[in-house]
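Chemist: For reference, the structure I am asking about is given below.
Since every read-out is calculated from the coordinates, none of them should be taken as a lab result. In this text the structure is predicted, and so the values were computed from the model without any measurement. Please note: Cβ atoms are built from the backbone with ideal geometry, for glycine as well, and neighbour counts cover all protein chains shown.
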Amino acid sequence: MVATTDADVLIDRVSGYLPEHAIETVRRAYDFADKCHDGQMRRSGEPYIAHPLQTALFLADLNLDVHTISAALLHDVVEDCGVTLEDLIDRFGDEVALLVDGVTKLTRMDVRLQQPGTGQDVSNGDGPHTRESAQNRVSSDVISEQDQLYSESLRKMLVAMAEDIRVVLIKLADRLHNMQTLDALPEEKRKRIAQETLDIYSPLAHRLGIWEIKWRLDDLAFRHLNETRYREISRMLASKRVQREEYVEKVADHLREEMERFNLAGEVVGRPKGIYSTYQKMERYAAQGKELREIYDLYALRVIVNTKEDCYKTLGVIHQLWHPIPGQFDDYIANPKENMYQALHTTVICEGGTPLEVQIKTYDLHYLAEYGVAAHWRYKEGKAGDNNFEEKMAWLRQLLEWQREMAGTAEFLESVKHDIFRDQVFVYTPKGDIVELTSGSTPIDFGYKIHTDLGHRCIGAKVNGRLVSLDTSLQNGDTVEILASKEQRGPSLDWLNPNRGYVRSATARQKVRQWFRRQARGANIQRGRELMKRELRRLNQQLDNDEILSLCKYDNMDELLANLGSGGISESQLAHRLAQSKQVTDAQVQAPKPNLPLSSPSSGISVLGVGDLLIRMARCCNPIPGDDIVGFITRSRGVTVHKQGCVSLNNEDEPDRIVNVDWGETHHLYPVRIEMRAYDRVGLLRDVTLRVSEEHVNIASVITKEHQDGTVTMELTLHTTGLDQLGKIFSKLEGIRSVFSVTRHRSALSPAMVD
């Protein structure tokens with residue numbers, strides 16, 4: 001049994017904000033939980049009661065109410081100790097019992113994931129009945145029984161959150177302690193649980209505005225997923241810590257003196273930077289060709305003042321003191337974030353030419369930023385008022401609406417992950433009403449947000465009074481007007497093609513899919529058949545129905561074609577499935593073409609699994625990232641990388657020279673040949689090169705052949721990053737006027753030329 005002093009820590013913590021009668025309830029809940037879990041141990045070797053105690057301590061740090069603290073202490077007694085809900089009601093009342101029941105229902109769904117016949121064990125080993133779900137791998141087309149159970153568990157959690165958000169606050173605190181004790185588990189489970197934490201729990205904490213839990217979950221998960229980078233960044237931050245702290249304290253003193261001149265009272269402190277958030281920033285900057293020293297908020301201050309009026313006065317003082325960087329100011333007080341966060345953000349060029357980010361907020365706003373919706377229960381004891389709580393939680397009511405409307409669990413989760421867990425933008429209707437959209441939304445997304453019928457009838461859009469294309473990304477403050485057809489019409493299937501970028505919010509995508517589902521099944525099957533033929537022609541493959549069904553994991557061709565025609569499977573998903581085929585057809589074995597370059601303009605590629613040997617790409621099949629590949633150890637030129645099933649390896653009589661390889665992380669480019677057929681016209685070549693250049697793809701060569709029937713064949717050699725970019729290029733080229741065929745050309749050399 002855990003020493004009494006452990007319970008005293010919790011009692012001391014809640015004594016700071018709970019009345020005496022509530023403290024006694026917490027003590028009784030602890031004593032009861034301690035008795036129930038007596039003799040149970042965690043895999044880390046500590047008594048099991050340590051887990052509910054730490055969960056309750058996290059929630060006490062958030063100043064949560066007595067019912068939530070008590071439920072946190074008791075959240076495992078029903079599942080692990082055989083205590084009944086009736087017993088909890090008799091001892092602690094209905095509210096505590098309902099919270100425990102809510103957490104228990106989520107737990108029982110997780111336990112189903114471990115039962116025989118449901119796939120691999122996904123437990124996290126946190127008690128007698130271990131329970132945590134596997135890494136989220138839900139797609140919008142076909143999901144396994146294991147994925148279905150996992151998805152349903154998350155769906156229940158999100159719906160439970162909409163009914164009483166304290167259930168999920170307990171679940172987040174439970175997950176935080178599990179992450180802190182994750183080292184006791186095997187590596188595979190640790191990585192799976194850590195990835196799930198980054199996919200679901202951390203974004204959930206962010207959406208609820210609980211920064212105190214979010215940054216801890218981020219850093220803990222990152223340590224288990226990429227320990228090497230975690231330690232590198234940790235050492236980097238630590239090596240410059242003294243220098244950074246001295247610099248920040250110097251500019252903080254300067255700002256305090258300046259604020260005193262204007263009679264502005266408040267705190268000025270350095271703002272620490274999390275390891276995972278630093279990693280994310282470094283990755284984004286590296287992609288933009290920037291250096292670490294250009295990360296603006298590596299040096300950061302937080303200014304906390306008494307009133308919102310003082311926030312704006314302080315902003316003026318800062319901009320008078322240091323030069324602001326254009327485009328680096330955000331007013332989240334006037335335009336709060338979707339998770340209730342409010343503050344002023346500005347970045348200035350400080351002393352020594354160093355960029356410095358400054359956050360300005362009031363004491364109340366700072367508390368809200370740290371504890372999010374959990375701050376609501378601080379007010380229930382009469383310390384303050386939060387009259388806008390229900391309005392702030394409007395997105396939770398949207399969860400309940402979605403779970404009633406969505407056809408399946410996978411669609412529901414897609415909506416949540418894309419439209420709830422992503423940042424928002426705020427745009428205006430022509431009448432001046434504010435509309436909240438997912439970041440990156442287009443005019444079509446806006447139309448569906450206003451009304452489903454308006455989205456269906458959308459034929460054009462104006463942004464800030466100017467006509468724009470329907471794939472335009474909307475920005476904060478834009479005024480959007482939808483040009484709608486006067487006749488009843490439906491959406492275009494192209495809107496579901498992610499390569500076209502017309503629809504980016506999951507909500508709008510679901511409404512488009514629903515429209516197509518209502519159409520005649522025969523029409524969907526015919527449309528799907530045309531799309532299937534086009535993808536097979538693109539990839540230059542000849543597969544029979546059985547092979548296609550096996551690759552796409554369907555039992556019936558009509559079901560597959562209907563799902564494809566209705567948009568249930570996107571063209572990019574189909575392309576990836578078909579690209580997994582290892583068959584090489586007669587059509588793919590052709591006379592040798594002029595050799596493609598061995599590599600792109602980049603300096604090389606990273607291939608795993610073959611040591612430090614020289615790597616080169618095979619010219620017979622020209623694999624690109626996304627293709628299944630194998631390596632062939634040559635006698636004098638290192639390892640040659642081929643596509644799986646390459647005809648050059650079919651008759652190889654030395655199988656020991658074939659090795660397993662895999663694509664490593666790389667940003668290099670790879671050569672691929674595309675054959676395009678079109679009706680000849682003036683400006684065709686210009687349009688082709690323009691569309692390819694829009695995707696920032698280099699054209700190595702173009703061979704054009706004219707035919708007597710007025711058509712032309714173009715063979716383009718492109719340098720692409722992989723199948724995803726190649727799919728976008730296909731979509732762009734097929735959209736050019738007079739083009740009627742675009743395929744990927746696959747030349748093959750004779751087997752004798754492998755060496």
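Chemist: I'd like to compare 539-545, 261-267: which one has the highest average count of other Cβ atoms within 10 Å, and what's the full order after that?
Modeler: Top of the packing list down: 539-545, 261-267.
Chemist: Roughly what would the spin-label model give for Arg686 and Asp364, points 7 Å off Cα along C-beta, in nm?
Modeler: Rounded to a tenth, the inter-label distance reads 6.2 nm.
Chemist: Further question on the same structure: Sort Cys646, Cys620, Cys36 so the one with the fewest other Cβ atoms within 10 Å of its own Cβ comes first.
Modeler: Cys36, Cys620, Cys646
Chemist: Which entries of Lys189/Lys643; Lys533/Lys732; Lys171/Lys449; Lys273/Lys449; Lys281/Lys732; Lys250/Lys273 show an alpha-carbon separation above 26 angstrom in the structure shown?
Modeler: Those over the limit are Lys189/Lys643; Lys171/Lys449; Lys273/Lys449; Lys281/Lys732.
Chemist: Also: Kindly state, to the nearest 0.05, the FRET efficiency for Asp494 paired with Gln180, given R0 = 51 Å and r defined as their beta-carbon distance.
Modeler: 0.60
Chemist: Continuing with the same structure: Binning at 5 Å from 0, report for segment 5-55 what percent of all alpha-carbon pair distances ends up in each bin.
Modeler: Going out from 0 Å in 5 Å bins, segment 5-55 shows 4, 20, 29, 22, 13, 7, 4, 0 percent.
Chemist: Further question on the same structure: Taking the beta-carbon count within 10 Å as an exposure proxy, list Leu169, Leu470 from fewest neighbours to most.
Modeler: Starting with the residue having the fewest Cβ neighbours, the order is Leu470, Leu169.
Chemist: Still on this structure: Which stretch or stretches of segment 304-327 have amide N atoms under 17 Å from the point lying 7 Å from Ile434's Cα along the Cα→Cβ direction?
Modeler: 308-309
Chemist: Quick check: from the Cα gyration tensor, does segment 302-369 come out rounded (a/c under 1.5), prolate or oblate?
Modeler: Here segment 302-369 falls in the prolate category.
Chemist: Exactly which GluC sites (Glu not before Pro) in segment 638-703 are in a DSSP loop and have at most 10 other Cβ atoms within 10 Å?
Modeler: Here the GluC sites (Glu not before Pro) that fit, given the DSSP loop and packing criteria, are Glu665.
Chemist: A follow-up question, please. Using amide H atoms built 1.01 Å from N in the peptide plane, name the residues 5+ places from Tyr554, or on other chains, whose amide H lies under 5 Å from its own.
Modeler: Result for Tyr554 returns nothing.
Chemist: Which residues' amide hydrogens lie under 5 Å from the amide hydrogen of Ile629, considering only partners 5 or more residues apart or on another chain, with H built in the peptide plane?
Modeler: Correct list: Gln644.
Chemist: What dipole magnitude, in Debye to the nearest 20, does segment 521-578 give about its Cα centre under +1 on Lys/Arg Cβ and -1 on Asp/Glu Cβ?
Modeler: So the dipole magnitude of segment 521-578 works out to roughly 280 debye.
Chemist: Treating each Cα of segment 613-716 as an identical point scatterer and ignoring solvent, apply the Debye formula and state log10 I(q)/I(0) at q = 0.15, 0.18, 0.20 Å⁻¹.
Modeler: Each listed q maps to, in turn, -0.77, -0.91, -1.01.
Chemist: Now, a different point. Would segment 670-753 count as rounded, prolate or oblate if I go by the C-alpha gyration tensor, calling it rounded below 1.5 in a/c and otherwise prolate when a/b exceeds b/c, oblate otherwise?
Modeler: Note, shape of segment 670-753 comes out oblate.
Chemist: Would you please put 701-708, 218-225 in order of how densely packed they are, using the mean number of other Cβ atoms within 10 angstrom per residue and starting with the highest?
Modeler: Descending packing order for the listed peptides: 218-225, 701-708.
Chemist: What do you get for GluC sites (Glu not before Pro) in segment 485-565 restricted to DSSP loop and a cutoff of at most 10 other Cβ within 10 Å of the site's Cβ?
Modeler: Glu487
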